[in-house]
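One structure is given below, encoded as structure tokens.
The values are calculated or read from the model by the stated rules, or taken from the named source; none is laboratory data. Just so we're clear, the structure is a prediction, and the values are computed from it rather than from any experiment. Glycine gets a Cβ as well: all are built from the backbone with ideal geometry, and neighbour counts include every protein chain shown.
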Amino acid sequence: MTRIDIGVVPVGQSGTRVKAFVNEIETEAATWLVRYVPFDIVKRMVSEYPKKISEFIHGLKPGEKKPDPVALAKLADLVKKLEPQGESSQSGKRKHDSNKVSDRTKKARMASLAGA
């Protein structure tokens, strides 16, 4: 779960030549905006990532390229250990109440709207 930004700039006066470069490489965690969400997103991702990895592992179709069976079994065991107690990797229901917004979040949203 990595985001890669590619920069593209024109070369000289040419209308067709460009130079491409890797601008930055970030993990998904860098874009969580923890100041603006009304819940503990780190705690949420600790339970969501194992479920998503499990979906990827078990959702591979016959014939799709897979890691060797030993590596796949090790990964599945690790994911199972990471899952919070009492949660199934197949439960896709969200438990977040989007109507509950903290005062801090409201202030942050108002500040961002005022600056727009």
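Observations
- In this entry, Pro67 is excluded by the filter for residues that are within 28 Å of Glu83 (Cα to Cα) and loosely packed, with under 10 Cβ neighbours inside 10 Å.
- Residue in the range 57-67 that is under 14 Å from the mean Cα position of the chain (by Cα) and modelled with pLDDT under 85 present: no
- Taking the numbered list (1) touching a strand residue (DSSP E or B) at 6+ places or on another chain (Cβ under 9 Å); (2) over 20 Å from Arg3 (Cα atoms) in turn, Thr31 passes all entries but (2).
- Residue in the range 53-64 that is surrounded by the fewest Cβ atoms within 10 Å (Cβ to Cβ), counting only those that are part of a helix (DSSP H, G or I) and free of Cβ contacts under 8 Å to residues at least 24 places away in the same chain: Phe56
- You will find that of Thr16, Thr27, Thr2, the residue that is within 26 Å of Ile53 (Cα to Cα), among the β-branched types (Val, Ile, Thr) and surrounded by fewer than 10 Cβ atoms within 10 Å (Cβ to Cβ) is Thr2 and no other.
- Scanning the range 30-41 for residues that are on the phi < 0 side of the Ramachandran plot, loosely packed, with under 12 Cβ neighbours inside 10 Å and under 16 Å from the mean Cα position of the chain (by Cα) turns up Ala30, Thr31, Val34, Asp40.
- In this structure, Arg44 does not qualify as modelled with pLDDT under 70, part of a helix (DSSP H, G or I) and either surrounded by 10 or more Cβ atoms within 10 Å (Cβ to Cβ) or outside the structural domain of Ile6 (by TED's automatic domain parsing) (or both).
- Leu33 falls short on exactly one of the conditions (1) out of contact with any Pro (no Cβ under 7 Å at 6 or more places or on another chain); (2) modelled with pLDDT of 85 or more; (3) hydrophobic (A, V, I, L, M, F, W, C), and that condition is (2).
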